[in-house]
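**Q** Below is one structure. I have some questions about it.
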Amino acid sequence: MTTIRLVQGDITRESVDAIVNAANSSLLGGGGVDGAIHRRGGSAILSECRELRASRYGKGLPTGQAVATTAGDLDARWVIHTVGPVWSASEDRSDLLASCYRESLRIADELGARSVAFPAISTGIYGWPMDDGARIAVATVRAARTSVEEVRFVLFDQRAYEVFEEQVG
Ligand code: AR6
């Protein structure tokens, strides 16, 4: 049974087994959560991302997939990088967003992680509406078959926190 917890704040301040990064296919950093994780986590994370690009993911990490690296200086054992879909009004990409949560939990299980912190994937630079992003996040985690004991959604601002609260009930 997985417990869902909500926290308002900066995900890089969390103490968990694995922190999920809302990355992009390049795995080489960016803004938002991604920028914050690389800044606070230090260069060890980027080094492993570069190695992944030089080996398994020469063309980048496809949208909806996930891969783990060290968490560097963060208070976690791993960072799980996943690539959310860019929001589209004309095409339903919900399955890809759900896949990010599912695949991240699958990687967490492979690693033996018991606690995982997620940001609200795709709801920043990638433009996904927060209420729909929260609905998909909570429903997907609830439906997942995983040994992860705690999923912590870390929401950056109060509005995001309240939207998630409504979904968790
Ligand atoms: N802690 C928790 N949540 C945060 C933090 C933080 N430190 N910073 C932002 N958020 P985003 P995306 C929230 O843009 O939409 C990057 O450039 C933010 O308010 O980080 O998946 C990547 O390299 C929003 O609700 O990720 C990609 O190119 C949520 O986290 C692209 O952005 C996700 O916002 C990915 O875009």
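**Q** Provide the per residue accessible area, probe 1.4 Å, for region 3-168, rounded to a whole number of square angstrom.
**A** Details: 7810 Å² over 166 residues.
Ligands and nucleic acids excluded, the figure is 47 Å² per residue.
**Q** Taking θ as phi - 60°, what are the ³J(HN,Hα) couplings along region 109-116 by the Karplus curve (6.51, -1.76, 1.60), each to the nearest whole Hz, with x for Gly and Pro?
**A** 5, 4, 7, x, 6, 9, 10, 9
**Q** If you don't mind, another one. Grab the beta carbon distance between Asp131 and Ser25, set R0 = 30 Å, and tell me the FRET efficiency rounded to 0.05. Provide the component values of the computation, followed by the final result.
**A** Details: r = 26 Å, r/R0 = 0.87.
Given R0 = 30 Å and the Cβ-Cβ separation, E is 0.70.
**Q** Mind giving me the nanometre distance, one decimal, between the label points for Glu110 and Ala54, set 7 Å out from Cα along Cα→Cβ?
**A** 2.1 nm
**Q** How much accessible surface does Asp10 have with a 1.4 Å probe, in Å² rounded to 10?
**A** Per-residue accessible area (Asp10): approximately 50 Å².
**Q** How far apart, in nanometres, would the label points at Gln8 and Ser90 be if each is projected 7 angstrom from Cα along the Cα-to-Cβ direction?
**A** Distance between the two pseudo-spin positions: 3.8 nm.
**Q** From largest to smallest, what semi-axes in whole angstrom does the chain give when each is the square root of 5 times an eigenvalue of its alpha carbon gyration tensor? Mind dumping the intermediate values first?
**A** Values: eigenvalues 96, 65, 47 Å².
So the equivalent ellipsoid measures 22, 18, 15 Å along its semi-axes.
**Q** Let me ask you something else. First compute the accessible area of the chain with a 1.4 Å probe, then give the percent of it belonging to carbon and sulfur atoms. Mind dumping the intermediate values first?
**A** Working: 3650 of 8140 Å².
After summing per-atom areas, the C and S share lands at 45 percent.
The values are calculated or read from the model by the stated rules, or taken from the named source; none is laboratory data. Just so we're clear, the structure is a prediction, and the values are computed from it rather than from any experiment. All Cβ positions, even for glycine, are placed from backbone atoms using ideal geometry, and neighbour counts span all protein chains on display. Remember, those area values only see protein heavy atoms, side chains included, never the ligands or the DNA or RNA. Shrake-Rupley method; radii C 1.70, N 1.55, O 1.52, S 1.80 Å.
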